1. What is the Cα centroid distance between the range 19-81 and the range 388-429, reported in whole angstrom?
2. Given charges of +1 on the Cβ of Lys and Arg and -1 on the Cβ of Asp and Glu, with all other atoms neutral, how large is the dipole of the chain about its Cα centre, in debye to the nearest 20?
3. Can you put T312, T256 in order of Cβ neighbours within 10 angstrom, beginning with the fewest?
4. Using the Cα gyration tensor of the range 569-630, with a ≥ b ≥ c the square roots of its eigenvalues, what is the shape: rounded (a/c below 1.5), prolate (a/b larger than b/c) or oblate (neither)?
5. If you average over every viewing direction, what projected area does the convex hull of the Cα atoms of the chain give, in nm²?
6. Measuring from label point to label point, each 7 Å out along Cα→Cβ, what is the K566 to K686 span in nm?
7. Going Cα to Cα from K383, which lysines come in below 27 Å? Please leave out same-chain ones fewer than 8 positions away.
8. Calculate, for D578 and R89, the FRET efficiency according to 1/(1 + (r/R0)^6) with r their C-beta to C-beta distance and R0 51 Å; round to the nearest 0.05.
Amino acid sequence: MKFVDWYQQSMKKKEFSTIVGGKTLTATFSDLAERANGSVMLRYGNTVVLATAVMSKESRDGEDFLPLTVDYEEKFYASGQILGSRFVRREGKPSDEAILSGRIVDRTIRPLFDHWIRNEIQSIITVLSIEEDDPDMLGIWGASLAIGTSHIPWNGPVSAIRLAKMKGDDNFIINPSYKIREDKNLEFELVACGKDGKINMIELGGNEVPEETVAKALQFASEEIEKVQDFQNKIIKEIGKKKLIIPKPETPKELTPLFKEIVLAKLEKQVFTGVPGDTSIEALKKEWLTAVEEKFPGTNINLPIDLFEDATNEIVHTEAIENNRRADGRKIDEIRPLYAQAGGISPILHGSGIFYRGQTHILTALTLGGPSDTQIIDGIEEKNVQKRFMHHYNFPPFSTGETGRASSTNRRMIGHGALAEKALVPIIPDQEQFPYTIRLVSEALSSNGSTSMGSVCGSTLALMDGGVPIKKPVAGIASGLMLSEDGKKYKVLTDIQGPEDHYGDMDFKVAGTLEGITAMQMDVKVGGIPLSIFPEALEKARLARIQILKVITEAILEPRPEICAKAPKILIIRIKPDQIGGVIGSGGKTINDIKEKTGVEAIDIEDDGKIFITGKNGSAEKAKKIIEEMTHEYKRGEKFQGEVVKILDFGAFVRIGYNAEGLVHISEIAPFRVDRVTAVLKEGDKVPVVVKEIDERGRISLSIKQADPNFVKQPGKV
C-alpha cells in the first residue's frame, strides 16, 4: 500500500455550532494538530483560536503539586499587522494581556483536575485571528473542549461568559465587543466561569458597583454558562475519547500507626495555636516526612505528603464549620490588626503609603511624570494605546522568609499588579483635571494573606499623600470559605491567612469604595461555589472594606492640597491647530530651542492644539510664556512693555513677544519732534508701546507716544 493511499491527504474534520450572545460559536475538530491528545479550533465572529491539550505519559513522582501549565500565545499575524520591535519583527515574550488571559484559563480549569495527578498537563491557546471579540473567552471554551474530548482525566467541561452593564441600563450584555468595553458609560465588566450552577472563577472591574447588582450578574452569568455547557457536553458525548483512569494512590498501611503517633496526636494543637503566622504546622510536617524517610526509606514522597495534607485540611474545615474556630484565634468575620501611614519615607518620593493587615505589610511608592512618560502599548488587542496610569507589584522572596531570585517578574506578580490597578482605575482623576502620568509600585515586604488587596490600600495612601485628587479612597479584603464535602454547610471567613488560605476552598478578593465595588477576583480549590453563598460573601467583604477605609482616612483624610515639590509641574495651554507647526518649527528646531532655553523636561502637543508643558524650578512657566507669546494674535490697541532691539534712521524696532517685533516710526516716539532716534532711544531700552496698526502682511506698527506721551523726555529738558 502506498503511503499516500494509507494517509489520505484531505483534512479530516467535524464541526459543531451554537449561538452565544447573538453570535455563532463554531468548534472545528480536525487532524490539524494530530499529535496533541486533544485539540479544537474555535471561531466566534472573526476571532479564532486553536486550543490543544497534552498529558505526559510518565508521572512526576516526588512532586507535591499538580504539574499543569497553560500558555496563551498571541500571534501578530492574528491582527493582520507586522508588529514587534523595529529590528525584531516576530513575537517575543508574552504581553501582560496574554499572561492575564492565560491566568484566567488556568484558574478556571485547574480546580477540576484530581489533585493527586502528577503527570504533566499542558494546554496551549494560540490566537490565530482577532477582531472585535476578545479571544480569552474562546481560550477557556477551547481548553475545556480540548481536554474534555481527550483521554486526559478531568472533571469538566467548564464554561465562561463575559458580561457588561452600562450605567442606567438594567440589561446585561453578553460577550461585549472591545468597543462596548471601552465605552465611558460602562458600569462594570464581569468574567464568570463555572458549571452545574456553580461559579469557580471571577474577574470583575467596575465603577462602584452595588453588591446586589453583582449578585444578580453572577446569577445571570450562571444561566448563560449552562447553555455553553450543554453545547460542550453534546460534543464530548459524541466524539470524546475514553478517559484514562489515574487512581488515587493508596496510603501504605504501615504509615498509619506512625502518622497517628507523630501527627494526629499533635495536629490540632499545632494548627490552632492562636498565634498569627505561626509556623508550627510546617515544623510538624517536616518532622513527619523525616520520620517516614528514616523508618520507611524509598517511600513515594507524595503519599505521606497527601496523608498530612488531607488530615490538616479536614481539621481546618471541621473546626471552622462546626465550631467557628480559626487557626489564629480570631472570630469568623474579624480582621487582623490594621495600620496605615501616608508618607514619611523620603522627600524624594512623590508620595508613599504603608499598610499593615496582620503580617501582610505593603509599601507603595508614587511617581508622577508628564504626558510623555505614558506607556505605549501596541499589541494584537490594544493598538497604540497610551497608558497614563500604571500599578506594578513586586513580591520579593524575603516577604515569606525564603530565599530566591530577586527582581524577576513572574505571572503572579503581573496578575496581582493588574488586579490592584483595576481596583484603582475608577478613582483616578481624568487628564483634564490632573494631566500627570501616574505610576504606583507596591512592594510586598511581608506576606501572610492577600498582598494584592493590601496593595490597593497602600496605593490609596500613596496617591493621597502625593496630592493626586482621587475621587474616593479604595480598600480591599480577601475572604475565604470552608465548605463541607456535601456542600450543605459552610463558613465564610473574613481576611484569610496561613492555613485558611492554603487549605480553604475559596480566595475571594473584593476592592471598592464606601459606595461600591471597583474590582473583584475569585479562585477556588473545589469544583465551584454555590450561588447562594455570594450574597453573604459580598456583604462580609463590604463590612470589612468599611472598617479598613476608616483606618485609611484616619491616617490621611483627603489628598494633600499640593503635589510633592519634587514632582514636575505640568501646565496646560491651548493653541489653534494651525499654529502647531510654528511652535514645533522645521525639524523640531523651534520647540527644541524652547526646551534648551528654559530647561523644561517635555513639551507635548496634541492634534487639537492642547499643549502639556512639564518642568521643574520654574522652567514650565518660562516655556508657557514663550509659547503664549509665539502664538499670540496681536490686535490694534493692545499695550505691551517692549525692548528696543534695533535703531534705524526712521524709527526703532521693538520686541513685544518671543518672536514678534514691531516698528515705532520716528513720528510715534514722542509727542514732540524727534530729529534723531538715537537722541532719545538706545538698544536694550524697555519701552511702553501700543499696537497702532497691523497691515495685510502681518507687519506691526507700534507707538510709544500713544502708550505713554510722557515716557520720552525732550532732549535738553528736564
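Nothing in this text is a laboratory measurement; each read-out follows from the coordinates by a stated rule. This structure is a prediction, so every number in the text was calculated from the model and none was measured. Don't worry about glycine lacking a Cβ; one is built from the backbone with ideal geometry, like all the others, and counts go over all protein chains shown.
1. 28
2. So the dipole magnitude of the chain works out to roughly 1720 debye.
3. T256, T312
4. oblate
5. 43.8
6. Distance between the two pseudo-spin positions: 3.7 nm.
7. By straight Cα distance, K383 reaches K23, K75, K93, K165, K167, K179, K184, K422, K610.
8. Efficiency computed from Cβ-Cβ geometry: 0.85.
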